[in-house]
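Structure, as structure tokens:
The values are calculated or read from the model by the stated rules, or taken from the named source; none is laboratory data. Nothing here was measured: the structure is a model prediction, and the numbers come from that model. Neighbour counts are summed over all protein chains in view; Cβ atoms, including those assigned to glycine, are modelled from backbone coordinates with ideal geometry. Note: areas computed on protein heavy atoms with side chains; ligands, DNA, RNA excluded. Shrake-Rupley method; radii C 1.70, N 1.55, O 1.52, S 1.80 Å.
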Amino acid sequence: MRYALIPFFLLPLLLAGCAFVNVPLISPPSPLAEQVLEGDGAKKILLLDISGTISEQEKSGGLLGRAAPSLVSLVRESLHKAEQDKEIAGVILRINSPGGTVTASDIIRHDIMEFKKRRNVPVQACIVATGASGGYYVATAADGITAHPTAITGSIGVILVKFNVEGLMGKIGVEEQTVKSGDKKDIMSPFRKATPEEVKLGQEIIDQLYGRFLDVIMERPGNSLTRDELRKLADGRVYTAGQALEAKLIDRIGYLDDVIARMRTAAGDGKARVVSYYRPGSYKGSIYAGAAEKEGLAEALGGFDALGSSSFMYLWRP
């Protein structure tokens with residue numbers, strides 16, 4: 001093998017003619033695309049996932065990955081796309097979620113309600129595995145709720161999680177010092193035990209948010225429970241599909257296939273296409289594809305930060 005030697009004085013001239021190309025390591029996000037999962041009819045039924053912890057926070061993409069949109073953002077983007085598509089004859093919320101933050105759950109439910117007003121198409125909820133707390137809260141926006149025979153639902157209530165690391169900090173020789181404008185400014189601080197008054201204030205907020213949860217259940221289409229009956233059911237416990245049906249928290253027990261069949265009948269198209277939206281680069285092979293990815297502790301707690309602010313959550317965690 002022969003090598004050509006380049007004179008030193010020619011290097012600046014060669015380098016001057018070089019073109020440097022800036023290639024991004026992370027490709028920019030693409031708009032949602034549509035994928036047909038089943039059927040070849042003229043009309044479409046959108047299968048919209050409500051999976052994993054419901055949060056308004058973006059999901060981390062790791063060291064080199066791109067952060068994924070929050071579930072709140074993804075649902076809103078999906079509903080906007082569906083609203084522009086006149087072939088969409090209905091939406092199925094495929095729910096597999098233990099809930100999440102109060103605000104995120106409420107925003108998603110609100111967006112679904114507004115979509116129903118603007119498009120006037122049926123929306124059905126199908127709880128495939130877990131539809132608890134905030135997951136059930138979102139389901140109340142649907143015209144009907146179906147649960148798989150082995151699904152878990154309920155957990156109606158609000159929780160505020162707070163860690164107290166004061167003892168741990170003392171053991172490692174770290175002392176926290178806070179300068180504040182008022183004695184309640186650091187309420188629920190993880191660096192000290194909450195005072196009885198702070199617990200009372202937190203309980204008052206929880207009671208109001210709990211009342212809102214009861215309100216949306218009372219307002220759901222087909223509800224036949226009185227508020228007193230509902231309050232007895234809404235003590236935070238979870239229910240099997242059979243128990244939830246008997247308690248009138250859901251409308252029927254069945255599979256996702258059953259919900260699709262009913263919606264096709266309602267649309268007048270027995271072969272209506274079941275579609276989902278996806279980000280280019282991902283893939284769904286069936287109506288059961290696309291389960292939530294494994295979450296870390298912070299994501300599982302709805303974005304809860306042990307050393308930061310606490311979050312009010314419609315969340316069930318066994």
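Numbers for the structure displayed
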{"quantity": "Number of positions in the range 217-246 that are without any contact (Cβ under 8 Å) to a residue 60 or more places away in the chain, outside any helix (DSSP H, G or I) and touching a helix residue (DSSP H, G or I) at 6+ places or on another chain (Cβ under 8 Å)", "calculated": "2"}
{"quantity": "Of the criteria (1) more than 13 Å from the chain's Cα centre (by Cα); (2) at pLDDT 95 or above, which one ARG109 fails", "calculated": "(1)"}
{"quantity": "So THR265, is it of a type in the set (Val, Ile, Thr), under 20 Å from THR146 (Cβ atoms) and open to solvent by 70 Å² or more (accessible area, probe 1.4 Å)", "calculated": "yes"}
{"quantity": "In the range 207-259, residue farthest from TYR314 (Cα to Cα) [restricted to those that are open to solvent by 30 Å² or more (accessible area, probe 1.4 Å) and among the aliphatic types (A, V, I, L, M)]", "calculated": "ILE253"}
{"quantity": "Odd one out for HIS148 among (1) modelled with pLDDT of 95 or more; (2) under 15 Å from ASP106 (Cα atoms); (3) not charged (D, E, K, R)", "calculated": "(2)"}
{"quantity": "Verdict on ALA291 being part of a helix (DSSP H, G or I), small (Gly, Ala, Ser) and modelled with pLDDT under 60", "calculated": "no"}
